[in-house]
Each structure stands twice: as C-alpha cells, then as structure tokens.
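Heads up, the thing below is written out as structure tokens.
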Amino acid sequence: MIRVARLLAMLGWMLLTACGGGTPEGIVPVRPFELNPYLGQWHEIARLDHSFERGLTHITATYSMNEDGSVRVLNRGWDVGRGKWKEAVGRAVFVGPSDEGRLKVSFFGPFYGGYNIIEYDPARYTMICGPDRSYFWILAREPRLDQATLDRLLQRAKALGFETDALIYPAESAKK
C-alpha cells in the first residue's frame, strides 16, 4: 500500500511538473512585456530541430486573444514532403505577472510547456525559448530579418547557452 501511495505521489509530481511553464536556469524573460503589441503574425527565421516542425518551411506563428483572456496560438508551415499546409492550434496563458514575457503553451490538453520571450522588438523580431535550452526560436514580423539584427540575436543566444550551430533556417528565411 505504501508503494502504491509513493507511486501515485511521484506520478502526480511528474504531471504537475509537465504541466508547468518552466524557464531554463539563467534565462530571464522580458520585463516589462506588453501582450497587445506582440499579437499578430510572426515568421520563423531560425529554430532548433524538433519532430513537430521537421520538414516544414514557410512557418508562421499567429497570436490572437481568446474570449477567456488566454492567447490563441496558430502555428502553420508548409509540409514539403506532403505538399500541403500543416497547422497546430494551441492556447497560452501567463505563468506570472502579465507584464513578464513568461507564458506556458499547450497544444495537447492539460500538458503545458514553457514559452519564454527572452528578447523582442514588437515591430520587428522576438527570441523565444521553451522550458529548457533544446527549444529555441527566432521569429520576425517579415519573412526575412536583416543580417545585422540576426547576427546580434545569434550572438546573444550563444552567450545564453543555446546551440546556435545547430539552428535550422527555413528556406523562406535562409541565413545568407
């Protein structure tokens, strides 16, 4: 009986951990942050590889408000292998104060992952990481980002411990 109770307690702890919006050690989300200027469409410039985006180009993320005050997340990309668009709709909510760029996002029911805005200019670009350093994106309002800004963001990402040599640049926004 004690083993079952310990197992249930451990499973409960794992579920709570998986549902949280973690931030990697040493990463500080943007503050002050304003959600309204952040809303709208962003184009993916660079990312670390993950199976859910593998084979996609022309990737966009579009953020809008849901009636309940959460953020609707629409991720869309062209699946080269299948010759069609692939979409995923999620929901994001703030983890702490609404003036801090720290949210959690879910595409699968009650399971949330960290969504940390670590740098942004709401009119031009944003740099985001997940709950650990294996999740990282650079997005821009336009399909391309000027090289000087991209280089500066890459330098900052490297200094923060992200594997910038492993970044993928979708065909639409390929690094020169």
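Need the failing condition index for GLY20 against (1) within 27 Å of GLU142 (Cβ to Cβ); (2) at pLDDT below 95, just the number.
(1)
Looking only at segment 24-45, which residues are under 16 Å from the mean Cα position of the chain (by Cα) and assigned to a helix (DSSP H, G or I)? Show your work before the answer.
We begin by selecting, within segment 24-45, every residue under 16 Å from the mean Cα position of the chain (by Cα); these are 24, 27-30, 33, 35, 38-45.
Scanning segment 24-45 gives LEU35, TYR38.
For VAL105, are the conditions met, namely being more than 21 Å from HIS50 (Cβ to Cβ), surrounded by 14 or more Cβ atoms within 10 Å (Cβ to Cβ), of a type in the set (A, V, I, L, M) and out of contact with any His (no Cβ under 7 Å at 6 or more places or on another chain)?
So VAL105 fails the test.
Being at pLDDT below 95, in contact with a Leu (Cβ under 9 Å, 6 or more places away or on another chain) and in a helix (DSSP H, G or I) is the filter here, so list the residues in segment 162-176 that pass it.
SER173
I'm trying to understand the selection: among the residues of segment 42-95, which are under 22 Å from ILE168 (Cα atoms), aliphatic (A, V, I, L, M) and crowded, with 17+ Cβ neighbours inside 10 Å?
ILE45, ALA46, LEU48, LEU56, ILE59, ALA61, VAL73
Taking only segment 113-129 into account, find how many residues are over 10 Å from the mean Cα position of the chain (by Cα), more than 14 Å from ILE45 (Cβ to Cβ) and surrounded by fewer than 22 Cβ atoms within 10 Å (Cβ to Cβ).
Count: 2.
The values are calculated or read from the model by the stated rules, or taken from the named source; none is laboratory data. Quantities reported herein were computed from a predicted structural model and do not represent experimental measurements. Here the Cβ is made from the backbone with ideal geometry for all residues, glycine too, and neighbour counts use every protein chain on show.
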